[in-house]
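Working notes for the structure below.
The values are calculated or read from the model by the stated rules, or taken from the named source; none is laboratory data. Note that the coordinates shown come from a computational prediction; the quantities given were computed from them, not determined experimentally. Here Cβ is always computed from backbone atoms with ideal geometry, including for glycine, and neighbour counts include all displayed protein chains.
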Amino acid sequence: MNAGTLPKGIRRGSTLLADPVEATRELAAQIGGNDAETVVFFCSSAYDLERLQRELDNRFGGADVIGCTTAGEIALDGYANHALVGMSFPRSDFMTVVGRCDDIGSASLLEVCTLVQSLIRRMRLRAPGMNEENTFAILLIDGLSGAEEPVLSAIARELGNIPLVGGSAGDDLAFKETSVFHGGAFRADSAVLALVHTALPFEVFKTQHITSLDRKMVITEADPVRRTVTEINAEPASEEYARLLGVDGQELRPMLLATHPLCVRVGGDDYVRSIRSVNEDGSLTFYCAIDEGIVLSAANANGIVSNLTNLFDRIHQSIGQPTAVLGFDCIFRRLELQERRLQSHVSGILAANNVIGFSTYGEQFKSMHLNQTFSGVAFGGAETR
């Protein structure tokens, strides 16, 4: 496929080619073109990122290009590994403004607020009628920064009612370095924010299949900065976690952590607090903010397929069959699907609903940083306006 035969509207593409030059060329053939306003891509951390960033800058030079590394990709036919996937938004239907905040681990909230204010001013110049009905935000952030909550809080305060979705970058469960892409380069300790305005119908969504149980535990010793818990119920954290969930004596592998989540209840809703890793000293490191005194509950992870099916049924009722879905899917959901041998089935559901996305180290939805959710934005066609 060449630029002259590219389909109109939002374009989706993916490639499993390992060479960065060939992979970028194949992706550009699927989603490029002179009318691309913005390109959003997600890539395996296994790529040579220096070579990949040069190719991305060359192939999509006329558009804003943003992206990040992943813990797995959602390609044209569903879940993929070691892939490059992407989506482009045409100028005929979209206006975007993009900004970046660096050194987010030490950045002040004022810097983040100033960035968002600048983006809103720029968008109002282009789209004076922007509001929460026709504008949304995409946030891509370093998934090992530990800065999601303060950054997101500052962003949400400035956005007001404009909905936000996004994901924390991954590195295939290596937990060494995650990167976001903007301005022609991959960067760690950074966050990229895009405001997107469109007349097309869209729906920002979030779903989870996790429900809390009446088995509670209290964090009695923790390091909030490192998101690490050393004691639960005044006992060594990993031992007490395993005992309370009935898995003591088993190796606490990522697959087991994925199917034995913990929840905190806020305002009547359950929010998952997923464990990123079990450390050599018996402490637990989490994907989300954690602190002493927080009461956690054991939780059930059941019905992931029916939950996802119900989500897309609701989307179909709201905007019709989505022409494209930009999706942010927690890595623990993929691990659970692998454990339950459901990954192929769910890949079919994602492909049937035109999803492009990635497996994350955390998801952003409105003002919340979350775990074990599937969040994103679904787009309807012009006929459903």
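Details
- Exclusive hit being crowded, with 23+ Cβ neighbours inside 10 Å and within 22 Å of residue 85 (Cα to Cα), set 326, 370, 308: 326
- Here residue 211 fulfils each of the conditions (1) more than 30 Å from residue 131 (Cα to Cα); (2) within 19 Å of the chain's Cα centre (by Cα); (3) among the β-branched types (Val, Ile, Thr) apart from (2).
- Restricting attention to the stretch 221-235 and to residues that are under 15 Å from residue 286 (Cα atoms) and not in a loop (DSSP other than H, G, I, E, B), the residue that is nearest to the chain's Cα centre (by Cα) turns out to be 228.
- Cross-chain or 6+ apart pairs with Cβ under 7 Å, the stretch 124-135 first and free of Cβ contacts under 8 Å to residues at least 40 places away in the same chain, then surrounded by 12 or more Cβ atoms within 10 Å (Cβ to Cβ) and in a loop (DSSP other than H, G, I, E, B): 124/130; 132/162; 132/163
- Check on residue 306, farther than 30 Å from residue 218 by Cα, part of a helix (DSSP H, G or I) and in contact with a Phe, Trp or Tyr (Cβ under 9 Å, 6 or more places away or on another chain): no
- Qualifying positions in the stretch 113-137 - touching a Ser or Thr at 6+ places or on another chain (Cβ under 9 Å) and of a type in the set (A, V, I, L, M): 123, 127
- Checked against (1) at pLDDT 85 or above; (2) surrounded by fewer than 18 Cβ atoms within 10 Å (Cβ to Cβ); (3) part of a strand (DSSP E or B), residue 217 passes all but a single condition, namely (2).
- Taking the stretch 258-270 as the range and being farther than 17 Å from residue 247 by Cβ and surrounded by 14 or more Cβ atoms within 10 Å (Cβ to Cβ) as the test, the residues that pass are 264, 270.
- Residue match in the stretch 271-288 (condition: at positive phi, assigned by TED's automatic domain parsing to the domain that holds residue 194 and surrounded by 14 or more Cβ atoms within 10 Å (Cβ to Cβ)): no
- Members of the stretch 166-216 that are among the β-branched types (Val, Ile, Thr) and more than 18 Å from residue 115 (Cβ to Cβ): 178, 198, 204, 207, 210, 211
- The one condition in (1) free of Cβ contacts under 8 Å to residues at least 40 places away in the same chain; (2) touching a helix residue (DSSP H, G or I) at 6+ places or on another chain (Cβ under 6 Å) that residue 274 fails to fulfil: (1)
- Residue in the stretch 106-165 that is modelled with the highest pLDDT, counting only those that are polar (S, T, N, Q), touching a helix residue (DSSP H, G or I) at 6+ places or on another chain (Cβ under 8 Å) and surrounded by fewer than 17 Cβ atoms within 10 Å (Cβ to Cβ): 117
- Residue within the stretch 60-67 that is touching a Cys at 6+ places or on another chain (Cβ under 8 Å) and either touching a residue at least 24 places away in the same chain (Cβ under 8 Å) or crowded, with 24+ Cβ neighbours inside 10 Å (or both) present: yes
- Which numbered condition residue 297 fails, given (1) farther than 15 Å from residue 262 by Cα; (2) assigned to a strand (DSSP E or B); (3) of a type in the set (S, T, N, Q): (1)
- Those residues of the stretch 158-176 which are among the charged types (D, E, K, R), part of a loop (DSSP other than H, G, I, E, B) and at negative phi, in sequence order: 171, 176
- Subset of the stretch 172-187 (residues that are surrounded by fewer than 20 Cβ atoms within 10 Å (Cβ to Cβ) and closer than 23 Å to residue 326 by Cβ): 172, 173, 183, 184, 185, 187
- Residues of the stretch 24-46 that turn out to be buried (at least 21 other Cβ atoms within 10 Å of the Cβ) and closer than 24 Å to residue 141 by Cβ, as a count: 12
- 2 or more residues within 18 Å of the chain's Cα centre (by Cα) and more than 19 Å from residue 135 (Cα to Cα): qualifying strands (runs of 3 or more DSSP E) within the stretch 320-385: 324-330, 355-360, 368-370
- Among (1) within 22 Å of residue 94 (Cα to Cα); (2) in a loop (DSSP other than H, G, I, E, B); (3) in contact with a Leu (Cβ under 7 Å, 6 or more places away or on another chain), the one test that residue 192 misses: (2)
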